[in-house]
Every structure is written in structure tokens, then in C-alpha cells.
Amino acid sequence: MQTVLTAYLVAVNLAGLLLCATDKYRAKKGRWRIPEHTLMSVAALGGCFGLYLGMKACHHKTRHPKFYVGVPLLCLMWAAVVGLAWWNGWL
């Protein structure tokens, strides 16, 4: 179970990071963008740490309250979920 959860969190956070970097690249080139609801959905599914890292590294979506407030709150929520799972011996 621990290996599956770890693999899931690594994959979804990598996806969040790559989506943020891709959206920034497309924004600079004036191309089709990744919808905000897609970015937030990935964050809500556990990719918030990767998305947050992408926001900071690429300076992307840092002026939108939905992102500069919402993503850190999702990070806190996921940290609590993983911490609770670890504390109860589920991990």
C-alpha cells in the first residue's frame, strides 16, 4: 500500500509540475493554454506540491488568488492526510 501511494503521489506531483511549466511555455508563445480547472483538479488530486513548485520556479499563476491561496491550502490538506495516514500506521 505504501509503495502504491508513494508512486501515485510522485506521478501526480510530476504531472502538476509539468502542466504548470507547459502552460507557462504556451502562454509565452501565445498558444492554446491548459485550463485553470485542469490545473486545480490535478492539485486537488494530490499534485499540489508539484504545481506549487512549478508556480514558484516558473513564476506562473502567482498573481491569481485561486492559485496563490488555493494551492498552498491544498498542500496543507494533503500534508495532513498523509501525516494522518502515517500516524495511524496505514503507510
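The values are calculated or read from the model by the stated rules, or taken from the named source; none is laboratory data. No experiment lies behind these values; they were computed from the predicted model shown. Cβ placement follows ideal geometry from the backbone for every residue including glycine, while neighbour counts extend to all protein chains displayed.
Points worth noting:
Quick grid of which residues meet (1) loosely packed, with under 14 Cβ neighbours inside 10 Å; (2) of a type outside the set (V, I, T); (3) in contact with a helix residue (DSSP H, G or I) (Cβ under 8 Å, 6 or more places away or on another chain):
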{"site": "A21", "(1), (2), (3)": "no, yes, yes"}
{"site": "Y25", "(1), (2), (3)": "yes, yes, no"}
{"site": "W32", "(1), (2), (3)": "yes, yes, yes"}
{"site": "T38", "(1), (2), (3)": "yes, no, yes"}
{"site": "A44", "(1), (2), (3)": "no, yes, yes"}
{"site": "L53", "(1), (2), (3)": "no, yes, yes"}
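- The set of residues in region 21-54 that are more than 26 Å from A85 (Cβ to Cβ), touching a residue at least 12 places away in the same chain (Cβ under 8 Å), part of a helix (DSSP H, G or I) and not hydroxyl-bearing (S, T, Y) comprises A21, D23, K24, A27, E36.
- Scanning region 67-84 for residues that are closer than 15 Å to L51 by Cβ and surrounded by 13 or more Cβ atoms within 10 Å (Cβ to Cβ) yields F67, Y68, G70, V71, P72, L74, C75, M77, W78.
- Test result for G30, modelled with pLDDT of 95 or more and either more than 12 Å from the chain's Cα centre (by Cα) or among the small types (G, A, S) (or both): no
- T22 being at pLDDT below 95 and polar (S, T, N, Q): no
- Any chance A57 is in a helix (DSSP H, G or I), of a type outside the set (D, E), free of Cβ contacts under 8 Å to residues at least 12 places away in the same chain and out of contact with any Pro (no Cβ under 6 Å at 6 or more places or on another chain): no
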